[in-house]
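Data first, discussion second: the structure below is written as structure tokens.
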Amino acid sequence: MMLEVTSLTMRFGGLVAVNDVNMSVSRGEILGLIGPNGAGKTTLFNVIAGVFPPSAGTVSFNGNRIEGKSPDVTCNLGLARTFQIPQVFTSMTVLESISVGAFLRHRNFAAARAKATEVAERIGLGSRLEVPTSSLTTAERKRLEVARALTTEPQMILLDEVMAGLNHTEVNQMLELVSLLRDDGMTVLFVEHNLHAVMKICDRIVVLDHGVKIADGLPKEVMEDAGVVTAYLGAAVSSDQENADA
Amino acid sequence: MSRFLGYFDWKRTDGLWFAVLLAAAFALPHFIENDYYINVLVLVFLYAGMASAWNIIGGMAGQFSLGHTAFVGIGAYTSTLLFNYVGVSPWLGMIAGGLLSMLMAALIAYPVFRMRGVFFAMATLAFGETVRILLMASRKYVDMPYGLSINYDPGFIRMVFEDRSSYAMLTGAFLIIVTIFAFGLSRSYIGSYLRAIRDSEEAAVASGIPMRKYKMIAFLISAFFTSIGGTLLAQYILYIEPSSVFSTAISIDLPLMALLGGIGTIAGPVIGAVIALPLRDILLETFGQSAPGLHLVIYGIALIVIVIVLPHGLLGGVKSIRERFVSRSHARSEREEPK
Ligand SMILES: Nc1ncnc2c1ncn2[C@@H]1O[C@H](COP(=O)(O)OP(=O)(O)OP(=O)(O)O)[C@@H](O)[C@H]1O
Ligand SMILES: [Mg+2]
């Protein structure tokens with residue numbers, strides 16, 4: 001197992017954001033994590049990445065216990081993450097910000113730049129290297145997030161809604177990118193509201209609702225699960241209709 | 001050596017800037033004869049060096065310290081006490097003061113780095129005040145006069161000089177060393193890490209940066225060089241007292257100069273010192289006698305106006321004007337191309 005989460009609970013005061021969740025991701029797998037707004041997906045990411053120590057439970061990465069370790073330590077161990085709301089280095093150019101990730105493994109300047117350029121080109125930011133990050137579009141910022149994470153040369157990457165706010169073409173580009181990662185043997189845990197994308201790319205799906213895991217299985221099985229349909233798809237279908245009406 | 005150089009991002013124009021700085025620091029003291037101007041030059045070099053040292057933690061790493069006078073004072077007091085009471089050369093006392101300042105910085109780093117933004121600034125301000133108050137209180141237990149004079153007995157080993165141009169050379173060398181250090185940092189991965197921390201702590205940590213460690217590195221280097229400036233100040237004035245070297249005015253002047261020129265840049269603090277010190281002097285000359293205190297009011301207003309008009313300092317202003325011209329000429333060439 002690459003990642004193993006056992007009986008994980010995260011409380012914020014009286015609120016239980018993640019409630020006794022068990023979950024595992026095996027090497028090379030693409031696992032989709034879905035659930036309605038406020039289900040606790042980002043919180044689960046934050047606990048795995050080390051932003052918060054869990055209230056209870058454990059997280060193992062490659063057999064090492066990592067719960068309570070800080071995010072820089074987990075990143076160094078090979079677990080990278082993106083942010084749902086892109087966190088850009090506003091004073092830097094695209095190349096400079098991607099290089100920040102590259103310095104983790106390459107302290108030599110030319111080597112870090114080469115690594116950053118290589119990743120930028122794969123992510124589709126190759127023509128934007130000298131642009132200040134503040135002038136990037138939403139789609140480019142999402143890609144920048146992925147690029148910064150990838151330059152740290154992780155074994156596993158946590159993607160938090162990298163497709164939110166993107167148009168149809170941009171979503172397809174991002175999907176292509178994730179399949180490229182899969183071909184490289186990267187393990188991916190990704191949170192997504194776009195169910196088409198999730199169905200298309202994931203090997204397996206885990207569903208959270210109010211912090212509780214309510215389903216875990218192959219995409220097809222999960223979509224047919226009665227509990228999931230009421231908890232999540234009901235909401236999604238109605239919001240899809242809202243979108244269609246708009 | 002080439003392996004060491006590989007850690008830095010060199011640009012072609014770097015050598016040129018370095019030559020300009022070197023020429024300014026070593027040629028100016030020889031050309032300027034007038035005592036008044038030499039005095040201004042010494043203070044500009046000294047404050048530019050200390051503002052550059054402040055800029056490493058305050059500008060590059062974005063941790064807006066308002067307590068740097070503590071390091072100035074520790075530097076001035078350590079070397080002066082060691083010289084007056086133990087006979088240690090200020091050249092060594094200066095290093096001892098620098099190390100003591102680093103120790104102090106390391107001690108307060110744990111509590112203050114838990115705070116961000118304004119809270120960090122307030123905590124460091126309190127730290128600067130506390131050191132002064134502790135020093136004044138200590139006179140109850142240690143036999144020490146309020147002010148300390150350094151004997152006027154010129155000699156290289158005693159770091160006391162007859163002519164001001166020697167002080168200009170000394171402070172010029174200080175400025176050059178701090179600038180080279182800051183420059184090297186900013187062009188290495190460490191500078192990149194510091195900017196990342198300043199821009200987004202979350203993303204910096206998620207990129208594998210051990211944040212505390214790099215904030216600490218920046219703080220220690222900053223404290224060390226600021227402290228060296230404190231020793232040089234003492235050797236130039238030849239008199240120190242708690243309220244002169246432990247003064248909130250110093251704590252404010254250093255960030256102010258960095259802000260004026262361009263915070264977080266290498267040249268910014270130097271440009272800021274070049275403007276701020278002579279400006280204050282000219283105003284004092286003009287209004288000092290006719291309306292005492294007015295010069296400070298005008299100085300304050302002038303600074304506020306400059307900061308409002310140029311939020312990124314003079315360097316930022318120049319950059320945005322240049323960008324406007326470049327984008328305009330781009331637009332023009334694009335419009336002309338389709339013909
Ligand atoms: N740092 C925090 N402090 C307090 N409460 C928090 C914190 N982070 C998240 N929460 C709460 O935990 C719950 C789960 O939030 P979380 O962001 O994990 O949901 P999510 O599944 O990612 O939702 P979305 O799809 O909207 O991104 C929410 O009720 C949220 O308000
Ligand atoms: Mg979320």
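The values are calculated or read from the model by the stated rules, or taken from the named source; none is laboratory data. In this text, all values refer to a predicted model and were calculated from it rather than measured experimentally. Here the Cβ positions follow ideal geometry from the backbone for every residue, glycine too, while neighbour counts run over all protein chains shown. Each accessible area value is taken on the protein alone, full model and side chains, heavy atoms only, with ligands, DNA and RNA left out. Shrake-Rupley method; radii C 1.70, N 1.55, O 1.52, S 1.80 Å.
Things worth noting here:
- Rounded to the nearest 0.05, the FRET efficiency derived from the C-beta distance between B:K213 and A:A114 at R0 = 30 Å is 0.70.
- Cross-link reach is defined here as a Cα-Cα straight distance under 16 Å, omitting same-chain residues fewer than 8 places apart; for A:K200 the lysines meeting it are A:K220.
- Alpha-carbon spread of chain B, three principal axes, descending order, Å: 84, 50, 46
- Excluding same-chain neighbours fewer than eight residues apart, the lysines reachable from A:K115 by a Cα-Cα span under 23 Å are A:K142, B:K11.
- Dipole magnitude for the protein assembly as shown: computed about the Cα centre from +1 point charges on Lys and Arg Cβ and -1 point charges on Asp and Glu Cβ, it is near 920 debye.
- Summing charges over neighbours of A:V198, with a neighbour being any other residue whose Cβ is under 13 Å away from its Cβ, gives +1 when K and R count +1 and D and E count -1.
- Taken one residue at a time, the phi angles of the stretch A:158-171 give Karplus couplings (6.51, -1.76, 1.60, θ = phi - 60°) of 9, 10, 9, 6, 6, 9, 4, x, 9, 7, 4, 4, 5, 4 Hz. Gly and Pro are set to x.
- Interchain or long-range residues, amide H under 5 Å from A:A56's placed H: A:T9
- Whole-Hz ³J(HN,Hα) from phi, Karplus 6.51 cos²θ - 1.76 cosθ + 1.60, for the stretch A:68-79, glycine and proline x: x, 6, 6, x, 5, 5, 5, 5, 4, 6, x, 10
- The stretch B:1-58-the stretch A:1-65 distance, computed between alpha-carbon centres (Å): 52
- Residue-normalised accessible area of the protein assembly as shown, given per residue in Å² at a 1.4 Å probe: 46
- Compared with the dominant Cα axis of chain A, that is its longest principal axis, helix A:138-150 is turned about 80°.
- Rounded tilt (10° steps) of A:234-245 against the dominant C-alpha axis of chain A: 60
- Nitroxide proxy distance, nm - points 7 Å out along Cα→Cβ at B:N84 and B:E162: 2.6
- Summary of packing: across the peptides B:158-170, A:89-101, the per-residue average of other C-beta atoms within 10 Å ranks them, highest first, as A:89-101, B:158-170.
- Summing Cβ point charges (Lys, Arg +1; Asp, Glu -1) relative to the Cα centre of the stretch A:83-153 gives a dipole of roughly 120 debye.
- Given +1 at the Cβ of Lys and Arg, -1 at the Cβ of Asp and Glu and no other charges, the dipole of chain A around its Cα centre is 840 debye to the nearest 20.
- When A:R143, B:R116, A:R128 are compared by accessible area of protein heavy atoms, the largest-first order is B:R116, A:R128, A:R143, using a 1.4 Å probe.
- When the Gaussian network model of chain A links Cα atoms closer than 10 Å, the mean-square fluctuations of A:D160, A:D184, A:D20 top out at A:D184.
- Each part reduced to its alpha carbon centroid, the stretch B:292-319 and the stretch B:79-106 end up 35 Å apart.
- Ranking A:E161, B:E129 by solvent-accessible area of protein heavy atoms (1.4 Å probe, all protein chains present), from largest to smallest, gives B:E129, A:E161.
- Net +/- balance of residues flanking A:V25 in space, Cβ distance below 10 Å, scoring K and R +1, D and E -1: -1
- The stretch A:1-111 - percent of accessible surface contributed by carbon and sulfur, probe 1.4 Å: 50
- Centre separation in Å (Cα based) which lies between the stretch A:155-195 and the stretch A:106-138: 19
- Taking the longest Cα principal axis of chain B as reference, the axis of helix B:35-55 is set at about 70 degrees.
- Most to least accessible of B:R198, B:R114 (protein chains only, probe 1.4 Å): B:R114, B:R198
- Chain pair B, A: total accessible area buried, heavy atoms, 1.4 Å probe, Å²: 1900
- Gain upon complete extension [B:N39, B:Y152; 0.36 nm per residue less C-alpha separation]: 38.9 nm
- Whole-Hz couplings from phi, Karplus 6.51/-1.76/1.60, listed for the stretch B:134-142; x for Gly and Pro: 4, 5, 5, 5, 5, 5, 5, 10, 10
- Near the amide H of A:G35, within less than 5 Å, lie the amide hydrogens of A:L208, all on another chain or at least 5 residues away, with H placed in the peptide plane.
- Peptide-level mean, for A:70-78, of C-beta atoms on other protein chains within 10 Å: 5
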